[in-house]
Amino acid sequence: MSKIAFRDITKRFPGARRPAVDSVTFAVPEGSTCMLVGTSGAGKTTLLRMVNRLIEPTSGEIIIDGKNVLTENPIELRRRIGYVIQQIGLFPHMNVAENIRVTAEVAGGWTQRRLDVRVDELLELVGLPPVEYRRRFPRELSGGQQQRVGLARALATDPALLLMDEPFGALDDITRTRMQDELLQIQRNVRKTILFVTHDMDEAFKLGDLIAVLDEGKVAQLGSPVDLLTNPANEFVARLAGADNVMRQLEFLPVSGALDREQTVPFPGWENVPECAPNASLLTAMLKLLETNAPALSVQTGNDSRVGYITLASITSGITKTRNKERQLASERA
Ligand SMILES: Nc1ncnc2c1ncn2[C@@H]1O[C@H](COP(=O)(O)OP(=O)(O)O)[C@@H](O)[C@H]1O
Ligand SMILES: [Mg+2]
């Protein structure tokens, strides 16, 4: 695992009116996935490509595990960092196994036998049964399967850090969803630090531990998905995060933020209502309320101490609270 920090990082392309990346400072803890979001041209790709030095910063520092990447040999650096892009660019004349091996071989020090085992492990990891896929050529794979091979290749050297630039952007909806689920699964097993560019907010909310919102080269906000929904820094973030998106709020806001009663004594008739965990989503609570037809759910922690009650009415007011915040931010600006 590896942690990464940007310190006052700026990139100004020659002749550009404003910097593509403008004094960006933030850090991503080891083992977390940070999603970079923002409108087109916000500087997401530029920021990502400065990490593996495909683009050189104008000023500032990028620190990986305490070391400034600018003092490192770029070739060495790229061996330690996986990179997955939308058009993965497999070598057409090499089969799947060979495409993955080239990366592992570059890293060096592995026996042929170890390389064979590693290729099969990686194919399993990305959901391509090795017996079926190792000898296929890229032209014999669907777009989604090619992306899987690209991901396997990026993981071949077991890099602690993974850079992903809209890796699923060109896939159809079903394949994209499947790849997202698999990335979550892989991340549960191998725990990389991931910087992931997307313009799809659903993807950002689904995959991100953290979301960095970029706007005209600057970080408008860095926070967890729930932070962005409940405490957007400005109207731009509120809109992007979808403060008015009821479904997203139901899915991501925790029950603990929408309790009906802080006190732990039940209303008459609430003595035997079903239970619910404080970190459950509002959606989970709502479905349980509808399914059981209970007037409320008792919200309690693992050791059975009750923190309050949740009702359909308190869920509605929890969501309205978040929506009003967006309106307030909009009127402050006006
Ligand atoms: N090689 C380059 N030369 C000049 N300008 C560039 C170059 N690459 C990107 N830019 C400009 O920098 C800005 C940020 O681009 P980019 O990082 O690709 O944005 P994003 O990935 O968020 O869509 C844009 O205005 C883009 O036109
Ligand atoms: Mg881009």
Length added when fully stretched, Leu290-Arg18, from 0.36 nm per residue minus Cα-Cα: 92.7 nm
Value of D in µm² per second that Stokes-Einstein yields for the chain, Kirkwood Rh from Cα pairs, at 25 °C (0.890 mPa s): 111 µm²/s
Under 12 Å, Cβ to Cβ, from Gln180 - net charge with Lys/Arg +1 and Asp/Glu -1: -3
nm² value of the averaged projected area, convex hull over the Cα atoms of region 212-334: 8.3 nm²
Spatial separation of Cα centroids for region 126-160 and region 229-250, in angstrom: 36 Å
Degrees between helix 112-125 axis and first principal axis of the chain (Cα, 0 to 90, nearest 10): 30 degrees
Folded to 0 to 90 degrees: helix 96-107 orientation relative to the chain principal axis, Cα: 80 degrees
Reachable aspartates and glutamates from Lys325, criterion Cα separation under 19 angstrom, eight or more residues apart if same chain: Asp227, Glu235, Asp244, Glu251
Percentage, to the nearest whole number, of Cα pairs in region 104-259 over 24 Å apart: 44 percent
Label-point gap, in nm, between Arg79 and Asn324 - each point 7 angstrom along Cα→Cβ: 5.9 nm
When region 76-190 is reduced to its Cα atoms, the Kirkwood hydrodynamic radius in Å: 14.1 Å
With Cα atoms, 0 to 90° folded angle of helix 282-292 axis to the chain main axis: 50 degrees
Partner lysines for Lys321 [C-alpha distance under 24 Å; skip if fewer than 8 residues away on the same chain]: Lys206, Lys288
Alpha-carbon radius of gyration plus Dmax, which is the widest Cα pair, for region 249-320 in Å: 10.7, 31
Lys67-Asp116 pseudo-label distance in nm [points 7 Å out on the Cα-to-Cβ vector]: 3.3 nm
Spatially proximal lysines relative to Lys67 (Cα-Cα < 26 Å; intrachain offsets below 8 disregarded): Lys3, Lys11, Lys44, Lys192, Lys218
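Per-residue counts of other Cβ atoms within 10 Å, averaged by peptide: what ranking do you get for 303-315, 150-162, highest first?
Per-residue Cβ counts within 10 Å, averaged per peptide and sorted highest first, yield 150-162, 303-315.
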Over region 4-156: Rg over Rh, Cα atoms, Kirkwood Rh: 1.03
Rg ratio (alpha-carbon, reference 2.2 N^0.38 Å) - region 1-65: 1.10
Neighbour net charge for Glu251 - beta-carbon separation under 13 angstrom, K R +1, D E -1: +1
Two-site label geometry, Asp209 and Glu332: point separation in nm, points 7 Å out along Cα→Cβ: 2.9 nm
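Read-outs throughout are calculated quantities, based only on the coordinates presented, and are distinct from any laboratory measurement. Here the structure is a predicted model, which is why all the values come from computation and not from measurement. Note that each Cβ is placed from the backbone with ideal geometry, even for glycine, and that neighbours are counted across all protein chains shown.
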